[in-house]
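Chemist: Sharing a structure with you now.
The values are calculated or read from the model by the stated rules, or taken from the named source; none is laboratory data. Here the structure is a predicted model, which means the values were calculated and not measured. Backbone-built Cβ (ideal geometry, glycine too); neighbour counts: all protein chains shown.
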């Protein structure tokens, strides 16, 4: 199935624009693409007229150019008639925003079955129904949310697939933006009548813009789950991990998914076990999916055993981090007296007598940038340490705003993952950017930093399982 018409269309037709309601879904989509995207856009309304000084056509058959992508924003009862017309004029891709299909049961199921027949008759790629559609900058944006309301993340390498439009724009877009996680493409699949996660995984597997695929799942149709596992493993083999966040784990959650997108979720423990077996990385909650997305988008090396070093400025933060490492299944490396003394010899005269060189390593408030650089490099060279967490509180006057850049430039020479915690306030953005622009992801909290290392351990476990399965 060729999805280029959906993700990189040259021409777009929005069916259901309004001259009189600037906040109608069709009008919002039309104006966003007219002013913000590269696609050439046309509007359709049976009454015709003009919008923003441009002609509104009475039918898609009146549009003077071939259309790559059509967005249908009409009442559910009229969707299939419009879809048929799209097929007749050779439209390649369609996003059906309208609800009122399988998610409502009864006549909605029949309506969706008819939609599938029409799409297959004309070999059209259909996203939805009951969705917000596609965000694929700089080409197209079919989300019917006004730009002043929608927070969009920066360009990046994460493709997002979500059955829920609300989850996509809130849990992913808003939180990705807060944490500077970049997106290549985002898709709301809704009822996934034609295009489901498996079709999208096949596309993103070969998409040069995408290095990580994050998926919000509410359920699978019959046989869909098995194919999903195969597709996910194929993506992993291409060095593109698939990260899944599942909903519908409880009985009440399953009932809610049925009425939301018409999906059916298998027993959670069965699905979760299958994910582990096939190399899918699973986030347990809405917080982990964001943190995992962040660290995996940096393409850091995985770890196998979870042997961690913690380098901190604050003893209290070190204690907190140690507890969290145990909670998340990680192990603090034990340094010998000799190793501790070797690290002490690297410190400035003020910090050396009072620093605690056990693990967590507390350099105290008497440290300097140079102390952090030297001890971090020592940890990179220590074979017992698989990954390092840096808890960098930039309060002591002996620390400069160049701490992030200087430390990151040291550790980037080694193929060992490093993550950092720095308070996310504006005055410390130079330190944050110094780390991140040089390949060290920065967490919002100490717990997020630990979650990042957990994600790298899960990635390592996935690699081992896939390598074993390939013989």
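Chemist: Quick check: anything in the stretch 223-236 touching a helix residue (DSSP H, G or I) at 6+ places or on another chain (Cβ under 7 Å), part of a loop (DSSP other than H, G, I, E, B) and either on the phi < 0 side of the Ramachandran plot or at pLDDT below 95 (or both)?
Modeler: Checked the stretch 223-236: no residue is touching a helix residue (DSSP H, G or I) at 6+ places or on another chain (Cβ under 7 Å), part of a loop (DSSP other than H, G, I, E, B) and either on the phi < 0 side of the Ramachandran plot or at pLDDT below 95 (or both).
Chemist: Any chance you could count how many residues in the stretch 62-90 are surrounded by 14 or more Cβ atoms within 10 Å (Cβ to Cβ) and not in a loop (DSSP other than H, G, I, E, B)?
Modeler: Initial filter on the stretch 62-90 (surrounded by 14 or more Cβ atoms within 10 Å (Cβ to Cβ)): 63, 67-74, 76, 78-80, 82-87, 89.
So of that shortlist, the ones also not in a loop (DSSP other than H, G, I, E, B) come out as 69-72, 76, 78-80, 82-87.
Residues flagged as surrounded by 14 or more Cβ atoms within 10 Å (Cβ to Cβ) and not in a loop (DSSP other than H, G, I, E, B) within the stretch 62-90 amount to 14.
Chemist: Now for a different question. Sort out which residues of the stretch 407-457 are more than 23 Å from the chain's Cα centre (by Cα) and touching a residue at least 40 places away in the same chain (Cβ under 8 Å), and write them in order of number.
Modeler: Hits for the stretch 407-457 are 415, 416.
Chemist: Take residue 14 and decide whether it is part of a strand (DSSP E or B), farther than 22 Å from residue 160 by Cα and in contact (Cβ under 8 Å) with a residue 40 or more places away in the chain. Even if it seems obvious, please write down each step before you answer.
Modeler: On the way: part of a strand (DSSP E or B): yes; farther than 22 Å from residue 160 by Cα: yes; in contact (Cβ under 8 Å) with a residue 40 or more places away in the chain: yes.
Yes, satisfied.
Chemist: Further question on the same structure: Any residue at all in the stretch 369-390 that's modelled with pLDDT under 95, surrounded by fewer than 24 Cβ atoms within 10 Å (Cβ to Cβ) and farther than 30 Å from residue 243 by Cβ? Talk me through it step by step, then tell me what you get.
Modeler: Residues of the stretch 369-390 modelled with pLDDT under 95: none.
The answer is no, given that none of the residues of the stretch 369-390 is modelled with pLDDT under 95, surrounded by fewer than 24 Cβ atoms within 10 Å (Cβ to Cβ) and farther than 30 Å from residue 243 by Cβ.
Chemist: Which number in (1) at pLDDT below 95; (2) within 22 Å of residue 315 (Cα to Cα); (3) over 24 Å from the mean Cα position of the chain (by Cα) marks the one condition that residue 404 misses?
Modeler: (1)
Chemist: Something else about it: Is it true that some residue in the stretch 412-426 is more than 24 Å from residue 378 (Cβ to Cβ), modelled with pLDDT under 95 and in a helix (DSSP H, G or I)?
Modeler: Within the stretch 412-426, one or more residues are more than 24 Å from residue 378 (Cβ to Cβ), modelled with pLDDT under 95 and in a helix (DSSP H, G or I).
Chemist: If we keep just the residues of the stretch 427-452 that are in a loop (DSSP other than H, G, I, E, B) and modelled with pLDDT of 95 or more, which is surrounded by the most Cβ atoms within 10 Å (Cβ to Cβ)?
Modeler: Just the residues of the stretch 427-452 that are in a loop (DSSP other than H, G, I, E, B), to begin with: 437-441, 444-445.
Now restrict to residues that are modelled with pLDDT of 95 or more: 437-441, 445.
Details: 437: 11, 438: 16, 439: 15, 440: 26, 441: 24, 445: 15.
Top of the filtered list is 440.
Chemist: Looking at 151, 95 in this structure, which one is touching a residue at least 12 places away in the same chain (Cβ under 8 Å) and touching a strand residue (DSSP E or B) at 6+ places or on another chain (Cβ under 6 Å)? Break it down into steps so the answer makes sense when it comes.
Modeler: Values: 151 fails: touching a strand residue (DSSP E or B) at 6+ places or on another chain (Cβ under 6 Å).
Being touching a residue at least 12 places away in the same chain (Cβ under 8 Å) and touching a strand residue (DSSP E or B) at 6+ places or on another chain (Cβ under 6 Å) holds for just one of 151, 95, which is 95.
Chemist: Still on this structure, I have one more. Restricting attention to the stretch 32-53, which residues are assigned to a loop (DSSP other than H, G, I, E, B), in contact (Cβ under 8 Å) with a residue 60 or more places away in the chain and touching a strand residue (DSSP E or B) at 6+ places or on another chain (Cβ under 6 Å)? If you could, list the steps in order and put the result at the bottom.
Modeler: Here is the first cut: in the stretch 32-53, the residues assigned to a loop (DSSP other than H, G, I, E, B) are 37-39, 45-49, 52-53.
Narrowing further to those that are in contact (Cβ under 8 Å) with a residue 60 or more places away in the chain: 37-39.
Within the stretch 32-53, 37, 39 qualify.
Chemist: So, one more: Of all residues in the stretch 2-48, count the ones that are surrounded by fewer than 23 Cβ atoms within 10 Å (Cβ to Cβ) and either outside the structural domain of residue 67 (by TED's automatic domain parsing) or on the phi > 0 side of the Ramachandran plot (or both).
Modeler: Summing the residues that are surrounded by fewer than 23 Cβ atoms within 10 Å (Cβ to Cβ) and either outside the structural domain of residue 67 (by TED's automatic domain parsing) or on the phi > 0 side of the Ramachandran plot (or both) in the stretch 2-48 gives 1.
Chemist: Please pick out the residue among 347, 357, 379 that is touching a strand residue (DSSP E or B) at 6+ places or on another chain (Cβ under 8 Å) and not assigned by TED's automatic domain parsing to the domain that holds residue 168.
Modeler: Working: 347 fails: touching a strand residue (DSSP E or B) at 6+ places or on another chain (Cβ under 8 Å); 357 fails: touching a strand residue (DSSP E or B) at 6+ places or on another chain (Cβ under 8 Å).
When all the criteria are applied, what remains is 379.
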